[in-house]
Structure formats: structure tokens, C-alpha cells
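The values are calculated or read from the model by the stated rules, or taken from the named source; none is laboratory data. These numbers come from a predicted model, not from an experiment. As a convention, Cβ positions derive from the backbone with ideal geometry for all residues, glycine included, and neighbour counts pool all protein chains shown.
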Amino acid sequence: MQYVDEFRDPKYARLIIERINQTLEAIPESRKPLQVMEVCGGHTHTIFKFGIDQLLPDSIEFVHGPGCPVCVLPKSRLDECIAIAENPQVIFCTFGDAIRAPGSSGSLQDARARGADVRIVYSPLDALALAQQNPDREVVFFGLGFETTMPSTAMTLKQAKLNKIDNFSLFCQHITITPTLQCLLEPGDLRLDGFLMPGHVSMIIGSEPYQFIANQYGKPSVITGFEPLDILQALLMLVEQIAEQRCEVENQYKRIVQPQGNQQALIAMQEVFEAQQRSEWRGLGDIENSGIQLNKEYQAFDAEVKFCPEKSTAKDPAECRCGEVLTGRCKPTDCSIFATSCRPDNAIGALMVSSEGACAAYYQYRREEHQ
Amino acid sequence: MCLGIPGQIIAISDAANMLATIDVCGVKRQVNVACVAIEPLDALVGKWALVHVGFAMSLLNEEEARQTLAALESMQALAHEVDDFTGLGHSDKEKA
């Protein structure tokens, strides 16, 4: 596949790793192992799938960050969307990633088994088409994800408004990543030496919103693509910054990411959404300014206004260590329920649900080593 | 969740609704191009875009892609030179 296969060539991988090893020699032993956070769950998946962590020396450790929207989806929000999905009038549409995420009384998949009309869609436009085809039903789209996904939701809502499709609404669980990074960088027991930044969030927001990581916290970061060579090249760029005592926001993924982001997408988002004061993240708690909600102009399309689901106060199971894994304080294998009671077919913690979750990645690719 | 796939825009199928036909590995699908729209819309035909949940979210900059690969090529050229310099044939090393 063009623009994919070229970025998987093993001969270049070997060269980049050699270069990383040479560059690491210039970094004092006292600073090692370097702790590099890959913020995005897509990167976590690539790292495990291609065994990138195993190709690297012990002096680099990955910390798997919070950039997987399914992984940070709180139980309370799932309970609320399941309550809406169980309304017999509703066709509830979701991306496939979220259908197995566990709420208090099971997942959306379990709700479907109990008779709710829950459907997996590829695009929010598919949900909008369902609303047009079923004028006597209410179609609710589960809007989940970071800035990558927000423009598609915004464009779909604009179309719904323009065409007066009033049996369509949004359950909004969009969140924004930068306030969470700020939380992780606040003084604490967590030591991070640099960040691989999410390539596709950056394609929308550009590189400017990350400048605080360099300016306020003195940490290097590199906007990174999703193929194995992208990740290795970005790691080399990051290690070079550390060796040369620079801290900048660099862009490895120039074929997709422009410094100013995608203005058309940002304008659509501004037309539809506004910031919410705080949002709850599974495993991390409430984070100020990280939530997104529909603005006044689009209130009529807010599924929570339309259906008023009962507010849930469900908390994560006490035995789950998802929050500590998300912040790099422990590895999935340190959790007592990992691969015993918490498995992909019976996920207790959210990190076991999505293929982008660190626990699911460990389960699929590294389990034998820990048995 | 945030993954995307590169595809080539092959036709504008419904300009009023900002829909184009995109080819991803031989599979053709309608995608919305509102986020990458340019004037005239037909100028998108032939361009590569990153597709995410049914939307073209960014035009792929083919020149930048070539430059990234060229940087890797030059790393390889340097490795060959170093190997020649140290008397280690690169091909022998690959066999080893």
C-alpha cells in the first residue's frame, strides 16, 4: 500500500536503531533509562505489534500514555449512554471500539443482547443516514474521541442542522488531550524525559498547542506518524534533542501535519462545540478544561438534553490499576487482575478493552513472557 | 480510534454534499472532503488524503513523504560508506 509499506521497511529500521544507540552514548548514564511517553494509543498499538520496544536498548523505556479515548471513558458516562440506548425509540450508533467497554451493568454489547438497538457505524455520516431512513425513530450517535474525530462529528451535525434532521442527536464524549498532558507534567513522582505526540490529533490542531511542554516544562516532544519507521525516526529525533540538551516541538510526520493544523476542521469544531469546565477520565479522575460539549446553537442535537439520562456516580473497580498504568507508575503485568480475571473477553479495566489499550497490547503480544 | 488510512481521491461524486470517491488499496468508497476542500473542488482529483471515519482529514504532502524517505536513504548511504571505510562489506554484514 502506497505511503504505508515504505514506512515499514526493516532495513531502515535497523539503521535508525543503530543511530539511536550511537546517540544514546552521548547521554549520561545517570539520566537512563530515558522514560518516553507515547501519548497516543495508536502508537502503543504499533509499538507492540511490530515489537519496537524489543528492538530498543534497555536505556529507553516507553510509558504508555492516556491517548486512547475508550481507555479513559469513565464507567459513569457509559452507564448514561446505555440508559439512552435502552430507550425503545432509540437506534444507538457507536464506533466498534466502544461497544465492549464495561459500564456498571455491562457494555453496549450487553445492552444489545438485552434487546437495545445498538449498531456499529464506520462514520457519523452513516448514523445520520440511518436517521434519514428511519424518521419514526431517534438516532443517537456516540461521539467519542479527541480532536482527530471531532471535525467529523461537527461536520455531521452541521449537515443535520442544515437539512433539519431533528431525529438525530449526539451523546458527546469528546475530550481534549493537552490539559491532561499538563496534569501529567505537574510536579509529582512521575519522571518523563520526552513525548511522542499524537500525529492525527496534531493534523487538526497543529504544533502550537504543545509549545507549553517545551516552554513551561522544558521537555522535548516530537509529533509522530503511525508506521514503525515513523516511530523509530521520531524516537531518534527525541534522543537527539535530549543528547543536545534541546527542548522543542519537532514534527516527524510532515507528510500529514502542518504547523497550523487544519483550519477548515478547526472552524467547523468552533461552530458546533465549546469547552466544558471539566471532564472525568477513567483512572485519572476529573481534569479541568478537558471536556467538550455542544454550544447553545446545537443544544437541540444534544442527546442528554433530549433524553435526560439519570446521572451515574459509578466508580472504577477498586482492584483496577488502570490509572497507574496510564501514568507510567506501573506496568500492566504489575496489576493483580491482569490476565487472570481481567482479560479481553471479560475486561474489568478499560485498558483491556480497546486494542489501543496498554493492557490489551500486553495481553496480546507479551503475555507469554510474564507467565 | 485516531487511526487513518491514506487513499487517492479519484473523482468528485457529489460536489453539493462535498462527497468524493477515494481509492484505498483498490477499494473505493465515498468520503466527505469538507475538511480539505479547495477551489475548484475538482482540483482534489489525483491527490492523496488521510481518511478517518469517512472523512478526508488532511491532504498528504507527497513531497514531504519523499523527503522523509530520502533522509532514511541518506542514512543508508552513510552506513555503506562507513562499512567501506572500516573494510566491512555491507552485503557480508547483512548475511551475518
(request) Go through the stretch A:82-101 and give me each residue that's in contact with a helix residue (DSSP H, G or I) (Cβ under 7 Å, 6 or more places away or on another chain) and under 25 Å from A:Cys342 (Cα atoms). (result) A:Ile82, A:Thr94, A:Ala98, A:Ile99, A:Arg100, A:Ala101
(request) Kindly indicate which of A:Ala129, A:Ala101 is within 13 Å of chain B (Cβ to nearest Cβ), at negative phi and part of a helix (DSSP H, G or I). (result) A:Ala129
(request) Could you tell me whether any residue of the stretch A:274-285 is on the phi < 0 side of the Ramachandran plot, surrounded by fewer than 22 Cβ atoms within 10 Å (Cβ to Cβ), modelled with pLDDT of 95 or more and not assigned by TED's automatic domain parsing to the domain that holds A:Ala350? (result) yes
(request) Hey, can you tell me all the residues within the stretch B:55-88 that are over 17 Å from A:Ile256 (Cα atoms) and either within 7 Å of chain A (Cβ to nearest Cβ) or surrounded by 15 or more Cβ atoms within 10 Å (Cβ to Cβ) (or both)? (result) B:Leu72, B:Met75, B:Gln76, B:Ala79, B:Asp83
(message) Is it the case, given these coordinates, that A:Gly143 is modelled with pLDDT of 95 or more and crowded, with 24+ Cβ neighbours inside 10 Å?
(response) yes
(request) State whether the residues of the stretch A:10-20 include one that is of a type in the set (Asp, Glu) and not in a helix (DSSP H, G or I). (result) no
(request) Within the stretch A:167-181, identify whether any single residue is part of a strand (DSSP E or B) and more than 21 Å from the chain's Cα centre (by Cα), and answer yes or no. (result) yes
(message) Against the definition (part of a loop (DSSP other than H, G, I, E, B), surrounded by 16 or more Cβ atoms within 10 Å (Cβ to Cβ) and either at pLDDT below 95 or at the interface with chain A (Cβ under 8 Å from one of its Cβ atoms) (or both)), how does B:Cys2 come out, yes or no?
(response) yes
(request) For residues that are part of a loop (DSSP other than H, G, I, E, B) and within 14 Å of the chain's Cα centre (by Cα), scanning just the stretch B:16-73, find the one that is farthest from A:Thr224 (Cα to Cα). (result) B:Gly46
(request) Say whether the condition of being under 19 Å from the mean Cα position of the chain (by Cα) and either assigned to a strand (DSSP E or B) or closer than 21 Å to A:Ala358 by Cα (or both) is met by at least one residue in the stretch A:78-91. (result) yes
(request) Please work out which residue is farthest from the other protein chains (Cβ to nearest Cβ), limiting yourself to the stretch A:132-155 and to residues that are over 14 Å from A:Tyr122 (Cβ atoms) and in a helix (DSSP H, G or I). (result) A:Gln133
(request) Quickly run through the stretch A:236-254 and pick out the residues that are closer than 27 Å to A:Glu29 by Cβ and more than 14 Å from every other protein chain (Cβ to nearest Cβ). (result) A:Leu238, A:Val239, A:Gln241, A:Ile242, A:Ala243, A:Glu244, A:Gln245, A:Arg246, A:Cys247, A:Glu248
